[in-house]
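Engineer: Got a structure for you, questions after.
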Amino acid sequence: MNEHYFSKQPQSKSKRETWQTTLRNYNLSFTTDFGVFSREKVDFGSRVLIESFIEPAIDGKILDLGCGYGPVGLAVAASFPERQIVMADINERAISLAKHNANINQITNVQIVASDRFSQISDTFAAILLNPPIRAGKKVVYDLFTESYHSLKKHGEFWIVIQKKQGAPSAAKKLEELFKNVSLIERKKGYHIYKAQKLD
């Protein structure tokens, strides 16, 4: 099967499952399905990103880019109820699940949009979180870095998780080129969390 979780319309059979987990000390329920990323549990990289994230100092919306069925965006939304969280994904099945999961967890400070990268997103953000689609290739991932830079407010922050074996050192160099101000926030089991701040 050539289908990826970043396909717009997954063709795999649908078989929804619901399970519970704890993120940022919140007990959350997630319904998942075939054709979405990490359907059986919150993947370790996303979990480290979720637990490492710190609310930005500046006002503004937060974007969960490539939200999948919603663990990152919904955990952040639960943690910061005064913030508006935008959740975006190209995968229409994932978007349907994310909306469902927002409802079952009674999280209302979210806006969930189907978008190929930033095509349907016009806001600028105080923070953007990304667990990049590594299988889409380095060019796509680096384009997401650049597009995220341009979609941040001044002093906005770009948070990313990437494994060392999947190119964390070279990704950090690319972020340095774009942002200049890049910090390694966490390193756990080969996963690196970087925060890059837009200074201008």
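Laboratory data are not the source of any read-out in this text; all were calculated from the coordinates shown. Being a predicted model, the structure only gives us computed values, none of them experimental.
Engineer: Restricting to bridges with both residues inside the chain, how much of the DSSP beta-bridge set is antiparallel, in percent to the nearest 5? Could the numbers behind the result be given before it?
Structural biologist: Numbers: 21 of 39 bridges.
Bridges in the chain that DSSP calls antiparallel: roughly 55 percent.
Engineer: For Cα extents along the principal axes in Å, one of (1) 80, 40, 33; (2) 59, 41, 25; (3) 44, 40, 34 was computed from the structure I shared and the rest are decoys. Which label?
Structural biologist: Answer by label: (3).
Engineer: Whole Å is fine, so just give me how far the alpha carbon centre of region 117-180 lies from that of region 18-79.
Structural biologist: 17 Å
Engineer: So what's the back-of-envelope 222 nm ellipticity for the chain, counting only DSSP H runs of four-plus at -39500 (n - 2.57) apiece and dividing by all residues, rounded to 500?
Structural biologist: Computed mean residue ellipticity for the chain: -8500 deg cm²/dmol.
Engineer: Roughly how tilted is helix 138-150, in degrees to the nearest 10 and between 0 and 90, from the longest Cα axis of the chain?
Structural biologist: Roughly 70 degrees between the two axes.
Engineer: Among 138/180; 138/188; 41/195; 153/195; 41/164; 174/198, which pairs are too far apart, with a Cα-Cα distance over 18 Å?
Structural biologist: Details: 138/180 20 Å; 138/188 22 Å; 41/195 25 Å; 153/195 15 Å; 41/164 22 Å; 174/198 14 Å.
Long pairs (Cα-Cα over 18 Å): 138/180; 138/188; 41/195; 41/164.
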